[in-house]
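> Once you've had a glance at the structure underneath, I'll fire off some questions.
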Protein chains: 2
Amino acid sequence: MHGDALREFEEASRHDLTHTIGAVSRALTAAIFERLAERGYGSVHQAHVAVFSALDPDGTRVSTLAARAGISRQAMSALVRALVAAGYVTTETDPADQRATIVRLDRRGAEFCRAAVVASAEANAEIERALGAEQTGRLRDILRILAE
Amino acid sequence: MHGDALREFEEASRHDLTHTIGAVSRALTAAIFERLAERGYGSVHQAHVAVFSALDPDGTRVSTLAARAGISRQAMSALVRALVAAGYVTTETDPADQRATIVRLDRRGAEFCRAAVVASAEANAEIERALGAEQTGRLRDILRILAE
DNA sequence: ACAACTTAGGCAACGCGATTGACTATTAAC
DNA sequence: GTTAATAGTCAATCGCGTTGCCTAAGTTGT
């Protein structure tokens, strides 16, 4: 019947670079979040990390965060609310514009950022241990090229 | 204040291999699905691809598909229903077990699989063009190691 | 000055894709 | 043959995003 197509499909996906990179990427990401969860940051998910990535050191408006993260203001508003409740960030009405809310990193948020930096360094070290320094350098070069 | 933590965080994420691999992976995946969409398979999403990946050439039960894809039977059932409606697969009660439903690839599903094989090959060729044969080989080696 | 427009954020309704729990029908086991 | 396990579905729910509409606040033009 149509079974041959499935065999070709399976064979192709085994050699597909996109597929393989995706699998590796998911595994590495999961490992990092697992490590962060072990250190008490289990409630921080990927969407929340996007908030920290979009946050300026001196605070940022919700609308700006939303635009940078590529999501709606409502979605960002919900993320911020959750982070405020957990003590990661604080919010304050912009004194220069009463409509706007400025989001700022709080103490726990700073702790999380440092923990994330540590987790990232550990993950990179583990990769380098597995690949060796030379191959890790090559990987960095390759990724730079693939990022186009 | 706590702004320094954000600066370190941003700096670290720029050199984080997991982060970089994730970005590359998302871009490559999006490119493949875009290409498939151009060829008329825009309604097939990643979750549906998991169905084809789990499907045996001679048909597979819904429960088995769900277990392989790592989702609930209900979720797989919904995916299969959508694929049946779009003509990609057919379903039939297992003559050997009246409780079970066997899912089989249909003509349009086979066409999709072939299109996916082509898209995969094109994507790989594009990567090889960007990296060169030697570096592509290294990338494959590296990914094999990282897949642990 | 003040009417008219724009902007920031919140509320409500909804969509999508997944989950769990309870149910029916069928098969297997003792 | 009664009892237990299995395949699949229905219903309710949840998480996370969306759009549409609303109010409050700031900006602009005449």
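The values are calculated or read from the model by the stated rules, or taken from the named source; none is laboratory data. Please read all numbers here as calculations on a predicted model, not as lab measurements. Positions of Cβ are generated from backbone atoms using ideal geometry, with glycine treated the same way; all protein chains shown enter the neighbour counts.
> Kindly provide the set of residues from region A:35-53 that are within 11 Å of the chain's Cα centre (by Cα) and either within 16 Å of DNA strand C (Cβ to nearest atom) or within 23 Å of B:Val24 (Cβ to Cβ) (or both), ordered by number.
Correct list: A:His45, A:Gln46, A:Ala47, A:His48, A:Val49, A:Ala50, A:Val51, A:Phe52, A:Ser53.
> I'm told A:Ile32 meets every condition in (1) more than 12 Å from the chain's Cα centre (by Cα); (2) farther than 29 Å from A:Thr93 by Cα except one. Can you identify the failing condition by its number?
Among (1) more than 12 Å from the chain's Cα centre (by Cα); (2) farther than 29 Å from A:Thr93 by Cα, the lone unmet condition for A:Ile32 is (1).
> For the list (1) within 16 Å of DNA strand D (Cβ to nearest atom); (2) assigned to a helix (DSSP H, G or I); (3) in contact with a helix residue (DSSP H, G or I) (Cβ under 7 Å, 6 or more places away or on another chain), I need the number of the one condition that A:Val103 fails.
(2)
> Kindly list the number of the only condition in (1) within 21 Å of A:Gln46 (Cβ to Cβ); (2) outside any helix (DSSP H, G or I); (3) in contact with a helix residue (DSSP H, G or I) (Cβ under 7 Å, 6 or more places away or on another chain) that fails for B:Ile71.
(3)
> Hey, among the residues in region B:78-100 that are within 8 Å of DNA strand D (Cβ to nearest atom) and assigned to a loop (DSSP other than H, G, I, E, B), which one's farthest from the other protein chains (Cβ to nearest Cβ)?
Taking the candidates together, the pick is B:Arg99.
> Is at least one residue of region B:130-142 of a type outside the set (Gly, Ala, Ser), more than 9 Å from chain A (Cβ to nearest Cβ) and not in a helix (DSSP H, G or I)?
no
> Quick check, is A:Thr101 closer than 23 Å to B:Arg7 by Cα, within 9 Å of DNA strand C (Cβ to nearest atom) and modelled with pLDDT of 95 or more? Give the steps one after another, and end with the answer.
Working: closer than 23 Å to B:Arg7 by Cα: yes; within 9 Å of DNA strand C (Cβ to nearest atom): yes; modelled with pLDDT of 95 or more: yes.
It is true that A:Thr101 is closer than 23 Å to B:Arg7 by Cα, within 9 Å of DNA strand C (Cβ to nearest atom) and modelled with pLDDT of 95 or more.
> So for region B:60-77 (the condition being within 16 Å of DNA strand D (Cβ to nearest atom), without any contact (Cβ under 8 Å) to a residue 60 or more places away in the chain, within 12 Å of another protein chain (Cβ to nearest Cβ) and in contact with a Lys or Arg (Cβ under 7 Å, 6 or more places away or on another chain)), does at least one residue qualify?
No, every residue in region B:60-77 fails to be within 16 Å of DNA strand D (Cβ to nearest atom), without any contact (Cβ under 8 Å) to a residue 60 or more places away in the chain, within 12 Å of another protein chain (Cβ to nearest Cβ) and in contact with a Lys or Arg (Cβ under 7 Å, 6 or more places away or on another chain).
> Does B:Leu6 satisfy the criteria of being more than 14 Å from the chain's Cα centre (by Cα), under 26 Å from A:Leu143 (Cα atoms) and among the hydrophobic types (A, V, I, L, M, F, W, C)?
Considered against the rule, which asks whether it is more than 14 Å from the chain's Cα centre (by Cα), under 26 Å from A:Leu143 (Cα atoms) and among the hydrophobic types (A, V, I, L, M, F, W, C), B:Leu6 comes out as yes.
> Still on this structure: Which condition breaks for A:Ala86 when tested against (1) under 22 Å from A:Ser25 (Cα atoms); (2) surrounded by 14 or more Cβ atoms within 10 Å (Cβ to Cβ)?
(1)
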